[in-house]
Amino acid sequence: MTSPSRRRWLAGAGAASLALGLSRCADEADAVVAVDMGPIDGWRERRWRLFEQARVIMARDAAGLFAMSATCPHQGCVVSPTAGAVCLPPQDGATSTTPTLCCACHGSAFDGEGLATSGPAAPQRLMHWRVVVEGGRVTVMVGARVAANVRAAE
Ligand code: FES
């Protein structure tokens, strides 16, 4: 049995409408946590959305569905989607239809794939997590790193 101290719990991570849930992934390393992002039908439109407590930005661009860590590579603050030039503090559920992200701590700006384009985080990028679509549901495997150009098989 796995020690509770080795588990990464993301309790309370969910927005009510998405019914986030947690389960350990039996065939992955201890650091990987499966986060349920709800039905695939809720992820058909182009957008970037922050799940603050899970520190995940779920997104769909022209290439498909993907997920990134919301942890800023500079000093670990939460990166958030932003619709305009003003970078606001992160709020759970913050959503944008434009591919622009920012970190309000020190003003780093990121493109839609999580590459820091300005500010002290540049030129680092957000880590991307594997996304699984199965049985009509979307799961982000937080901790299972993939390349930035990887999109979920739908
Ligand atoms: S922690 Fe994000 S810019 Fe410094």
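The values are calculated or read from the model by the stated rules, or taken from the named source; none is laboratory data. Computed from a predicted model, the values in this text were never measured in an experiment. Glycine also receives a Cβ, built like all others from the backbone with ideal geometry; neighbour counts cover every protein chain displayed. When the accessible area is computed, the model is the full protein with side chains, heavy atoms only, and any ligands, DNA or RNA have been set aside. Shrake-Rupley method; radii C 1.70, N 1.55, O 1.52, S 1.80 Å.
Which net charge results when you count Lys and Arg as +1 and Asp and Glu as -1 among the other residues whose beta-carbon is under 11 Å from that of R60? Before the final figure, lay out each step's value.
On the way: positive: R44, R46, R47, R49, R151; negative: E45, D61, E154.
Net charge around R60: +2.
What is the percent of Cα-Cα separations in the range 25-140 that go past 20 Å? Intermediate values should be presented prior to the final figure.
Details: 2485 of 6670 pairs.
Cα-Cα pairs in the range 25-140 separated by more than 20 Å: 37 percent.
Once phi is turned into ³J(HN,Hα) by the Karplus curve 6.51 cos²θ - 1.76 cosθ + 1.60 with θ = phi - 60°, what whole-Hz value does each residue of the range 108-119 show in order, with x for glycine and proline?
Going residue by residue, I get 6, 10, 10, 7, x, 9, x, 7, 6, 9, 7, x Hz, with x marking Gly and Pro.
Below 15 angstrom from the Cβ of W48, what's the summed charge of the other residues (Lys, Arg +1; Asp, Glu -1)? The partial results should precede the final answer.
Numbers: positive: R44, R46, R47, R49, R55, R60, R125, R151; negative: E45, E52, D61, D92, D111, E113.
Around W48, the surrounding residues sum to +2.
Could you bin all the Cα-Cα distances of the range 84-154 into 5 Å bins starting at 0 and give me the percent of pairs in each, rounded to whole numbers?
All Cα pairs considered, the percentages come to 3, 15, 20, 23, 20, 12, 6, 2, 0.
Ignoring ligands, DNA and RNA, how do C77, C103 rank by accessible area with a 1.4 Å probe, largest first?
Working: C77 35, C103 5 Å².
I get C77, C103, largest accessible area first.
Given the Cα-Cα distance of L115 and Q53 and 0.36 nm per residue of separation, how much length would full extension add, in nm?
20.2 nm
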